[in-house]
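**Student:** Before anything else, here's the structure in question.
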Amino acid sequence: MAATAPAITAPAVTWEVTDGIATVVLDLKGQPVNVISRAVKDEFIACFAALADDARVRAVAFFSGKADNFIAGADIEEFVTLTSAAEAERLSADGQEMLDRVARFLKPIAVGIHGACLGGGFEFALACHYRVATDHPKTQIGLPEVQLGILPAAGGCQRLPRLVGVRAALDMILAGKSERAAKAFRLGMVDELVPPAILAEITVGAARRMAGGWRPKRKRRGGIMGFLLDGNPLGRLLVYRAARKQVLEKTGGHYPAPLAALEAVEYGMRHGIAEGLKREAQLFGQLAVTDVSRKLVQIFFATNELKKDPGIANAPPPVRVHRLGIIGSGFMGSGIAGTAVAQAEVDVRMKDADLARVAQGILAARAILDDRLKRRRITKYEYARLIALLSGGDSYAGFGRAELTIEAVFEELGVKQQVLREAEAVLPSASVFASNTSTIPITRIAEAARAPERVIGMHFFSPVAKMPLLEVIPGARTSPQTVSTAVAFGRRIGKTVIVVQDSPGFWVNRILAPYGNEVGHLLAEGASIEDIDSMAVRFGFPVGPVTLLDEVGLDVAVNVAGVMQSAYGDRIVPAPGPGIGALVKEGRLGRKSGRGFYIYTGGKKRGVDESVYGLLGIHPNGGPRPAEILQRLVLGLVNEAARALGEGVVRSPRDGDIGAIFGFGFPPFRGGPLRYADDLGAERVVSDLERLAERYGVRFAPSEVLQEHARRGTKLYS
Ligand code: T1G
């Protein structure tokens, strides 16, 4: 064996040479993840120059020194400081140039990938000559750039389509997807899949074989369709056309990055890699300085901050939940149960009034696991193990060891208090009791408790498995550890958690109330259902407010509206006429009953149910101007958000905006309602609200908070 010669030239990139193979390790000391910054790039260049000159080295095996992270991409902190498109273009071109050296390196390079391999990290792997990945769930591989409003700009738009075909590459790049290693292997993104224990051995082995002249043979993927569509220019033309249509449908034209990425791919496939790279760098330059990208990056950092936020200052460490009790096995209860098992592998015990309901709840919770199995997120073995964690009954048997119990029973104070009393009788003394209420004050529920310090609100959104937000609501007497336990558990089951004040509507329903309520007024004034929805969609909401009402359920909406009207009567003024209650009386509850404002068949929204107008006693006749419709919807929401922020309902504008974006899809590229108010400027928002108040009444009167900022010329984000 040749002598091992450590040749450390710089702190992040180190290597040693053994038997002709250089083993290079990237490890940014003191950083949570590896990222590629300018400094790292310089080290890479120096390292590869030294390896080129080192006669002992015949091939290279590259690894990350981090336990669970390969490379998280380019350093986002670095590119957000760029101020001009030209500067950003240069940054991209420099990165491309470095990876070009890697791709042309005369000594073959194999990479061993374990952990997140994203963006520039994957682009580096793509430039190498052989890719081995671990089959560990932490290994995620992909190009998430468009989620930050940019595009893969270190050759990703060129090398990925050439490796896996245009269709598969666009599917990943345009959605900013990352895949688990098994899928990445199936698609051809990596050459080999191995257990973590033998990653090093297999990667070094591949490097050694390549040093001996062996080259991997990669077969064309996708069969005959792959040949017809990916394999020739005409087929690709069809692929690009379909992709463009799909992107426009999905983004409503609000997000320039996916279209730019499509252009970079198409241009490169047509004019060759060198020209493609140039175009990619130019487009990156343009995108990196857009407002949309800045907003999306802000959301990335805000979400990261929230991941580390215990939810309360000086909180004692949370209690680790191993066993979860769920009371009420309906839609919400079973959704929480299934999500908890799937995400955190906790033991879940469900309780409902009778066994038939419990059985149904368990089946519904299982459906979440079925879905994961179908999407190959879990294996058959994991599935069997997880299923076994779900159990239930019509008594509190099995609740005696639960560290956390969440109730999702009928939305009525008396019922909730009754359940709380029953549970307290059997729960261990340190156990936390959480209510998944959307309208009842936690402090009121806790009045029935022997230990109100362990009662808290955990407001999930429906459907629980899909909706990313959780509101945690401490009551007046809730202890700090109860808060930190609820927050930590919420995060463990994959939710972005905001801690909000115990006041009517909490945060999300509070700011949605004027938005939903305005629908009634607009309809009464002759606006059509389609016009109202399409204006909101044009603004960037995923669905309009009328569709949202149908999704939430009209019975639920009526209940929430009632609570909000009695709490904020001067602002949540009911529209004239019978209102949504008339639809509920007819059994039209929205999507869940197949009929609301729209008709649903086979799980699909079919169109407006015209008979709704008759039931509401109104006639669509054009109504207010489109711009006016939009202003009334959005500024009412923004005004209420600013007011609630001023009252301390959320702890910061950051939490408020994340709540609105993750809770009901406030357009991410606008940064959230509070950021949007700052962008318009308080003065403008106030003057628009004053004009609306003059025409439509006091419900639009600008909040004190906005008036104050308008007077001072300051912003909600200080
Ligand atoms: N740049 C800078 N900081 C980053 C980073 C990045 N790319 N990725 C993570 N961090 C920080 C993060 O802010 C946090 O910091 C810490 O690392 C841990 O992250 C040329 C243009 C890798 C899956 O979009 O998806 O490549 O708060 O809490 O849950 O085409 O971070 O501790 O100070 O999220 O284990 C594309 C973004 C970049 C990947 C790890 N890459 N990162 O998740 O930890 S653009 C991305 C993630 C690009 C090229 C271009 C996740 C993760 P702090 P964390 P985690």
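**Student:** Does VAL341 qualify as being crowded, with 23+ Cβ neighbours inside 10 Å and either within 16 Å of the ligand (Cβ to nearest atom) or assigned to a helix (DSSP H, G or I) (or both)?
**Tutor:** yes
**Student:** Let me confirm something: among SER395, SER334, which residue is in contact with a Gly (Cβ under 8 Å, 6 or more places away or on another chain) and more than 16 Å from the ligand (Cβ to nearest atom)?
**Tutor:** SER334
**Student:** Another question, then. Which residues, taken from the stretch 305-326, are under 12 Å from ILE658 (Cβ atoms) and part of a helix (DSSP H, G or I)?
**Tutor:** GLU305, LEU306, LYS307
**Student:** Can you confirm whether the stretch 350-367 contains a residue that is among the basic types (Lys, Arg), outside any loop (DSSP other than H, G, I, E, B), surrounded by fewer than 18 Cβ atoms within 10 Å (Cβ to Cβ) and in the same structural domain as ILE440 (by TED's automatic domain parsing)?
**Tutor:** No, that holds for no residue.
**Student:** Might you check whether a residue that is crowded, with 23+ Cβ neighbours inside 10 Å, farther than 19 Å from LYS605 by Cβ and touching a Leu at 6+ places or on another chain (Cβ under 7 Å) occurs anywhere in the stretch 518-527?
**Tutor:** Yes: the stretch 518-527 contains one or more residues that are crowded, with 23+ Cβ neighbours inside 10 Å, farther than 19 Å from LYS605 by Cβ and touching a Leu at 6+ places or on another chain (Cβ under 7 Å).
**Student:** Only residues that are outside the structural domain of GLU78 (by TED's automatic domain parsing) and of a type in the set (Phe, Trp, Tyr): list them for the stretch 273-327, please.
**Tutor:** PHE300, PHE301
**Student:** In this structure, does ARG632 turn out to be at pLDDT 95 or above, assigned by TED's automatic domain parsing to the domain that holds ALA536, basic (Lys, Arg) and under 24 Å from the mean Cα position of the chain (by Cα)?
**Tutor:** The answer is no for ARG632.
**Student:** Let me ask something else about it. Sort out which residues of the stretch 403-441 are of a type in the set (A, V, I, L, M, F, W, C) and either in contact with a Cys (Cβ under 9 Å, 6 or more places away or on another chain) or not in a helix (DSSP H, G or I) (or both), and write them in order of number.
**Tutor:** Correct list: LEU404, ILE406, ALA408, VAL409, PHE410, LEU427, ALA430, VAL432, PHE433, ALA434, ILE440.
**Student:** Right, here's the next one. Kindly indicate whether any position in the stretch 632-653 is under 17 Å from GLY516 (Cα atoms) and touching a strand residue (DSSP E or B) at 6+ places or on another chain (Cβ under 8 Å).
**Tutor:** yes
**Student:** Restricting to the stretch 69-79, and then to whatever is aliphatic (A, V, I, L, M) and not in a loop (DSSP other than H, G, I, E, B), can you tell me which residue is farthest from the ligand (Cβ to nearest atom)?
**Tutor:** The extreme case among them is ILE71.
**Student:** Inspect the stretch 497-517 for any residue being in the same structural domain as VAL563 (by TED's automatic domain parsing), out of contact with any Lys or Arg (no Cβ under 7 Å at 6 or more places or on another chain) and without any contact (Cβ under 8 Å) to a residue 24 or more places away in the chain and give the result as yes or no.
**Tutor:** no
**Student:** If you don't mind, another one. Is there any pair linking a residue in the stretch 546-570 that is within 19 Å of HIS459 (Cα to Cα) to one that is among the hydroxyl-bearing types (Ser, Thr, Tyr) and surrounded by fewer than 22 Cβ atoms within 10 Å (Cβ to Cβ), with Cβ under 7 Å and at least six apart or on different chains, and which?
**Tutor:** Sorted first by the residue in the stretch 546-570, then by its partner, the pairs are ASN559/THR439; VAL560/THR439; VAL563/THR439.
**Student:** Right, something else. Can you list the helices (runs of 4 or more DSSP H) lying wholly within the stretch 228-304 that have 1 or more residues being within 16 Å of the ligand (Cβ to nearest atom)?
**Tutor:** The helices (runs of 4 or more DSSP H) meeting that bar are 256-271, 273-288.
**Student:** Look through the stretch 80-103, keep the residues that are farther than 30 Å from GLY205 by Cβ and among the hydrophobic types (A, V, I, L, M, F, W, C), and return whichever of them is farthest from the ligand (Cβ to nearest atom).
**Tutor:** Only one residue tops the list, namely ALA86.
**Student:** Related question: Output the residues belonging to the stretch 598-613 that are part of a strand (DSSP E or B) and not charged (D, E, K, R).
**Tutor:** TYR598, ILE599, TYR600, THR601, GLY607, VAL608
Yes/no matrix, rows are residues, columns are (1) among the small types (Gly, Ala, Ser); (2) surrounded by fewer than 18 Cβ atoms within 10 Å (Cβ to Cβ):
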position: ASP550; (1), (2): no, no
position: ASN559; (1), (2): no, yes
position: ALA575; (1), (2): yes, no
position: LEU583; (1), (2): no, no
position: GLY603; (1), (2): yes, yes
position: ILE629; (1), (2): no, no
position: ALA641; (1), (2): yes, no
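**Student:** Select from the stretch 132-160 the residues that are in contact with a Lys or Arg (Cβ under 8 Å, 6 or more places away or on another chain) and of a type outside the set (A, V, I, L, M, F, W, C) and write down the one among them that is nearest to the ligand (Cβ to nearest atom).
**Tutor:** The residue in question is PRO144.
**Student:** Residues LEU106, LEU118, LEU126: which one is within 12 Å of the ligand (Cβ to nearest atom), farther than 19 Å from VAL297 by Cβ and either crowded, with 22+ Cβ neighbours inside 10 Å or touching a residue at least 40 places away in the same chain (Cβ under 8 Å) (or both)?
**Tutor:** After applying the criteria, what remains is LEU126.
**Student:** Is it the case that the stretch 46-63 has a residue that's assigned by TED's automatic domain parsing to the domain that holds GLY156, touching a residue at least 12 places away in the same chain (Cβ under 8 Å), more than 13 Å from the ligand (Cβ to nearest atom) and on the phi > 0 side of the Ramachandran plot?
**Tutor:** no
**Student:** So LYS66 fits all but one of (1) over 20 Å from ALA12 (Cβ atoms); (2) among the basic types (Lys, Arg); (3) within 14 Å of the ligand (Cβ to nearest atom); what number is the exception?
**Tutor:** In the conditions (1) over 20 Å from ALA12 (Cβ atoms); (2) among the basic types (Lys, Arg); (3) within 14 Å of the ligand (Cβ to nearest atom), LYS66 misses (1) alone.
**Student:** Further question: So which residues in the stretch 381-424 are modelled with pLDDT of 95 or more, farther than 24 Å from ALA488 by Cα and among the charged types (D, E, K, R), if there are any at all?
**Tutor:** The answer is ASP394, ARG421, GLU422.
**Student:** Given the residues VAL319, VAL297, which is the only one that is in contact (Cβ under 8 Å) with a residue 60 or more places away in the chain and closer than 30 Å to GLY544 by Cβ?
**Tutor:** VAL297
**Student:** Next up: Mind checking whether some residue in the stretch 242-264 is under 19 Å from LEU126 (Cα atoms), in the same structural domain as ILE202 (by TED's automatic domain parsing) and among the small types (Gly, Ala, Ser)?
**Tutor:** Yes, the conditions are met somewhere in the stretch 242-264.
**Student:** Any idea which of (1) surrounded by fewer than 22 Cβ atoms within 10 Å (Cβ to Cβ); (2) assigned to a helix (DSSP H, G or I) is the one GLY648 doesn't satisfy?
**Tutor:** All conditions are met except number (2).
**Student:** If LEU82 meets every condition in (1) under 22 Å from ARG294 (Cα atoms); (2) in contact with a Gly (Cβ under 7 Å, 6 or more places away or on another chain) apart from one, which number is that one?
**Tutor:** Only one criterion in (1) under 22 Å from ARG294 (Cα atoms); (2) in contact with a Gly (Cβ under 7 Å, 6 or more places away or on another chain) is unmet by LEU82, namely (2).
**Student:** Those residues that are outside any helix (DSSP H, G or I), buried (at least 17 other Cβ atoms within 10 Å of the Cβ) and either basic (Lys, Arg) or within 28 Å of the chain's Cα centre (by Cα) (or both), I need them from the stretch 368-402; list them, please.
**Tutor:** ILE378, LEU389, LEU390 - these are the residues of the stretch 368-402 that are outside any helix (DSSP H, G or I), buried (at least 17 other Cβ atoms within 10 Å of the Cβ) and either basic (Lys, Arg) or within 28 Å of the chain's Cα centre (by Cα) (or both).
The values are calculated or read from the model by the stated rules, or taken from the named source; none is laboratory data. Values in this document were obtained by computation on a predicted structure and should not be read as measured data. Note that each Cβ is placed from the backbone with ideal geometry, even for glycine, and that neighbours are counted across all protein chains shown.
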